[in-house]
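*Asks:* Structure below; questions to follow.
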Ligand SMILES: *Cc1c(COP(=O)(O)O)cnc(C)c1O
């Protein structure tokens with residue numbers, strides 16, 4: 001017998017409550033039972049996104065809503081500013097190019113957040129740009145980007161902000177309306193604790209206005225069409241019914257805990273994770289602006305390939321984490337601590353890590369990382 005522990009930054013562990021909600025007999029989407037579920041799920045998304053705007057639910061992984069943002073807002077040849085702090089920032093640039101936009105990319109070193117002053121300079125040099133596209137949390141490096149500052153810069157220059165909040169919404173505070181985020185995007189398999197397959201997107205008034213002049217082709221992800229059906233709780237196409245039912249349940253869990261407490265729990269879990277790996281003598285990739293969603297950890301020179309740690313953790317101990325991509329491949333491991341995650345998930349992954357580090361020739365004193373994490377939990381005023 002071996003248990004599995006899923007500590008990857010999406011898909012995340014699906015709670016038993018959500019699993020059992022999704023296993024109910026199938027219903028049809030153009031009937032009152034589904035319409036009730038759909039309405040409640042959308043209200044819950046407004047609560048998590050902290051917005052009065054409609055939140056649309058698309059049938060796709062998170063990238064689907066990213067693509068929808070591009071095709072529904074822009075015109076061919078539009079200039080946009082993309083912030084590339086890693087794999088997902090790069091995706092904005094690629095998407096923009098795919099649809100014939102003209103992206104000006106700010107390349108940010110892996111592990112750093114964008115410097116608002118540098119962004120301001122780029123904005124000033126490109127006054128014709130229509131938008132700034134970025135990640136609130138760059139999952140590939142574990143960096144939290146300065147969303148509020150980015151929004152202020154964009155507003156002053158009359159540009160819209162398109163925020164990939166796929167590992168930010170429901171992880172830490174990201175008030176869409178208060179900060180004036182124009183497009184906010186998330187995905188079901190991250191903090192929403194639902195299997196992959198739904199992406200969610202909300203637009204500000206300014207962003208909706210842009211949809212009227214956009215000229216890029218879109219059919220399946222036509223946001224205007226999706227919005228039209230909402231008063232009747234109708235979707236344009238057959239929705240992923242079971243996933244929407246799962247989402248309704250998971251949002252109910254978030255409501256029961258309270259969004260503020262969810263944020264506090266994630267902050268504590270992230271702090272404990274950082275304390276744990278640091279106590280083991282390991283270095284964090286995102287030293288200055290770590291995200292509360294995921295912690296990227298550099299491997300010591302005694303372990304030349306981080307993939308060995310990931311493989312051993314998985315194959316011998318049943319703990320699933322992931323590593324780095326592209327230039328970070330083999331250099332980092334990433335520990336996820338959001339969604340259906342509590343303090344004992346953190347001590348579990350740290351225990352497994354301590355075993356693996358010793359097995360791979362980087363001696364650590366057993367319990368050292370775990371103890372550092374426990375000290376954070378013990379001090380925490382709020383039970384996580
Ligand atoms: C997971 C993730 C995505 C979406 O990826 P999909 O595989 O399409 O779900 C996009 N951006 C970030 C920051 C993510 O973490």
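Throughout, read-outs are computed from the coordinates displayed, never taken from laboratory work. Quantities reported herein were computed from a predicted structural model and do not represent experimental measurements. Neighbour counts are summed over all protein chains in view; Cβ atoms, including those assigned to glycine, are modelled from backbone coordinates with ideal geometry.
*Asks:* Gain in length, residue 8 to residue 260, computed as 0.36 nm per residue apart minus the alpha-carbon separation, to one decimal in nm?
*Replies:* On the way: separation 252, 0.36 × 252 = 90.72 nm, distance 2.31 nm.
So the extension gain works out to 88.4 nm.
*Asks:* Fully extended, how many nm does the chain gain between residue 365 and residue 23 (0.36 nm per residue separation, minus their Cα-Cα distance)?
*Replies:* Numbers: separation 342, 0.36 × 342 = 123.12 nm, distance 4.44 nm.
118.7 nm is the gain from fully extending residue 365 to residue 23.
*Asks:* Which order do the peptides 75-85, 329-339, 352-362 come out in when sorted by mean C-beta neighbours inside 10 angstrom, highest first? It would help to have the intermediate numbers written out before the result.
*Replies:* Working: 75-85: 20.2, 329-339: 23.6, 352-362: 18.2.
Most protected by this proxy first, the peptides run 329-339, 75-85, 352-362.
*Asks:* Grab the DSSP H runs of the chain that are 4 residues or longer, score each as -39,500 (n - 2.57), total them, divide by all residues and round the 222 nm result to the nearest 500 deg cm²/dmol. Write down the numbers at each step before the final one.
*Replies:* Numbers: 14 runs with 166 residues, N = 384.
Result for the chain, helices only: -13500 deg cm²/dmol.
*Asks:* From a point 7 Å beyond the Cα of residue 342 in the direction of its Cβ, which residues of segment 1-22 have a backbone N at a distance under 12 Å?
*Replies:* So the set is 16.
*Asks:* Could you work out how far the C-alpha centroid of segment 272-305 sits from that of segment 63-87, in angstrom?
*Replies:* 31 Å
*Asks:* Is the chain rounded, prolate or oblate when judged by the Cα gyration tensor, a ≥ b ≥ c being the square roots of its eigenvalues, rounded requiring a/c under 1.5 and prolate requiring a/b larger than b/c? Show your work: numbers first, answer last.
*Replies:* Working: a/c = 1.98, a/b = 1.31, b/c = 1.52.
Oblate, since a/c reaches 1.5 and b/c is not below a/b.
*Asks:* Specify whether the C-alpha gyration tensor of segment 214-290 places it in the rounded, prolate or oblate class, a ≥ b ≥ c being the square roots of the eigenvalues: rounded for a/c under 1.5, otherwise prolate if a/b is larger than b/c and oblate if not.
*Replies:* prolate
*Asks:* Then there is this: Pop a pseudo-label 7 angstrom from the Cα along the beta-carbon direction at both residue 232 and residue 253 and give the gap in nm to one decimal.
*Replies:* With each label point 7 Å from Cα toward Cβ, the separation is 3.4 nm.
*Asks:* Which one, 56, 298, 282, has the greatest fluctuation when you compute a Gaussian network model over the chain with C-alpha springs under 10 angstrom?
*Replies:* 282
*Asks:* Between segment 172-222 and segment 1-38, what is the C-alpha centre distance in whole Å?
*Replies:* With segment 172-222 and segment 1-38 each reduced to a Cα centre, they are spaced 22 Å.
*Asks:* Based on DSSP, what percent of beta bridges with both residues in the chain are antiparallel, to the nearest 5?
*Replies:* Working: 22 of 41 bridges.
Within the chain, antiparallel bridges account for around 55 percent of the total.
*Asks:* Related question: Taking only Cα atoms, what is the 0 to 90° angle, nearest 10, from helix 241-257's long axis to the longest principal axis of the chain?
*Replies:* 60 degrees
*Asks:* Please report the relative contact order for segment 242-384, taking Cα pairs under 8 Å with a sequence separation of at least 6, and give it as a percent rounded to a whole number.
*Replies:* Working: 199 pairs, mean separation 40.2, N = 143.
The normalised contact order for segment 242-384 reaches 28 percent.
*Asks:* Taking the chain as the reference, fit the longest principal axis to its C-alpha atoms, fit the long axis of helix 147-156 to the helix C-alpha atoms, and give the angle between the two in degrees, 0 to 90, nearest 10.
*Replies:* 30 degrees
*Asks:* Then there is this: Hey, what angle do you get for helix 368-379 against the long axis of the chain, alpha-carbon based, 0 to 90 degrees rounded to 10?
*Replies:* Tilt of helix 368-379: around 60 degrees.
*Asks:* Subtract the Cα-Cα distance of residue 327 and residue 107 from 0.36 nm times their separation in residues, and report this length gain in nm to one decimal.
*Replies:* Details: separation 220, 0.36 × 220 = 79.20 nm, distance 1.38 nm.
Full extension from residue 327 to residue 107 adds 77.8 nm.
*Asks:* Let me ask another. If I model a spin label at residue 219 and residue 76 as a point 7 Å from the Cα along the Cα→Cβ vector, what separation in nanometres do I get?
*Replies:* 1.8 nm
*Asks:* Report the Cα centroid-to-centroid distance between segment 343-357 and segment 102-167 in angstrom, as an integer.
*Replies:* A separation of 34 Å, based on Cα centres.
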